[in-house]
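S.K.: Would you mind keeping the following structure in view while I ask a few things?
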Amino acid sequence: MEARGLIDPSIFHRDTNSEGSKVYKAFSTSIMLRMWRPLKDEMSQLSFPLLLVNFKAYREALGKSALKLASMAEKASRETGVCIAVAPQIVDLRLVAGEVDIPIFAQHIDPISPGKYTGHISPEAVLDAGCVGTLISHSERRLSLQLIEETVERASEVGLITVVCADTVERCRAVAAYRPTAIAIEPPELIGTGIPVSKAKPEVVSGAVEAVRAVDPSVRV
């Protein structure tokens, strides 16, 4: 199977056109991880290829709207047979996880243990809310390599799947040493454009796959 990784806009909200019919408009960004081999994780009910939809902090993805979007993702997953996961805002994790039967990811966690950490997000908290995994070092919440390593370690300790975001082949190679579940690559110049990196710069994807595979073949890209 060809290895590819891309950022692709694919989460939608309902609107009406001039004729009153329903149309879908893209407003967020999703991460598709296409692996060099299919894999099924029985514990998390997660399978690859994976389409991971990030709700970010959009007003259209809050509360009841987050639940509607997650329900749409669940329906699309059921109809297409593709595993679709969603990453709602932190305050909506428990709400969404309790209503849909698709994998739920946190957008961010902090590498802490439960305790005196006001304002931080512990891995235990998102796990208890119903998450199976978390994004780490998204381009809008970039972490140092040291923090990435610490966060992957803490997430793994409680059994969370880890998807680390990276913007270069070199960064992918460095992150692979920390043994996350997967790495999602997107060059900075493509962020927010809606242009898949697999089409704009396929050599970046193939380079990332080769670099990661050389470090740890078990890490997906």
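S.K.: Taking the stated definitions as given, is L62 in contact with a Phe, Trp or Tyr (Cβ under 9 Å, 6 or more places away or on another chain) and over 18 Å from E140 (Cβ atoms)?
M.R.: Taking the combined requirement at face value, the residue does not satisfy it.
S.K.: From the list A129, A176, which one is under 21 Å from F48 (Cα atoms) and either touching a strand residue (DSSP E or B) at 6+ places or on another chain (Cβ under 7 Å) or surrounded by 14 or more Cβ atoms within 10 Å (Cβ to Cβ) (or both)?
M.R.: Being under 21 Å from F48 (Cα atoms) and either touching a strand residue (DSSP E or B) at 6+ places or on another chain (Cβ under 7 Å) or surrounded by 14 or more Cβ atoms within 10 Å (Cβ to Cβ) (or both) holds for just one of A129, A176, which is A176.
S.K.: Select from the range 173-199 the residues that are assigned to a helix (DSSP H, G or I), more than 15 Å from L135 (Cβ to Cβ) and either free of Cβ contacts under 8 Å to residues at least 12 places away in the same chain or under 18 Å from the mean Cα position of the chain (by Cα) (or both) and list them in ascending order.
M.R.: A176, P188, E189, L190, V197, S198
S.K.: Name every residue in the range 133-157 that is in a helix (DSSP H, G or I) and surrounded by fewer than 16 Cβ atoms within 10 Å (Cβ to Cβ), in order of residue number.
M.R.: Scanning the range 133-157 gives L145, Q146, L147, E153, E157.
S.K.: Right, another one. Can you name the residue in the range 52-74 that is touching a Ser or Thr at 6+ places or on another chain (Cβ under 9 Å) and either among the basic types (K, R) or at pLDDT below 95 (or both) and is also farthest from P217 (Cα to Cα) among such residues?
M.R.: Here the residue is R59.
The values are calculated or read from the model by the stated rules, or taken from the named source; none is laboratory data. For clarity, every value in this text was computed on a predicted model and none was experimentally measured. Methodologically, a virtual Cβ is constructed for each residue, glycine included, from the backbone with ideal geometry; neighbour enumeration extends over all protein chains shown.
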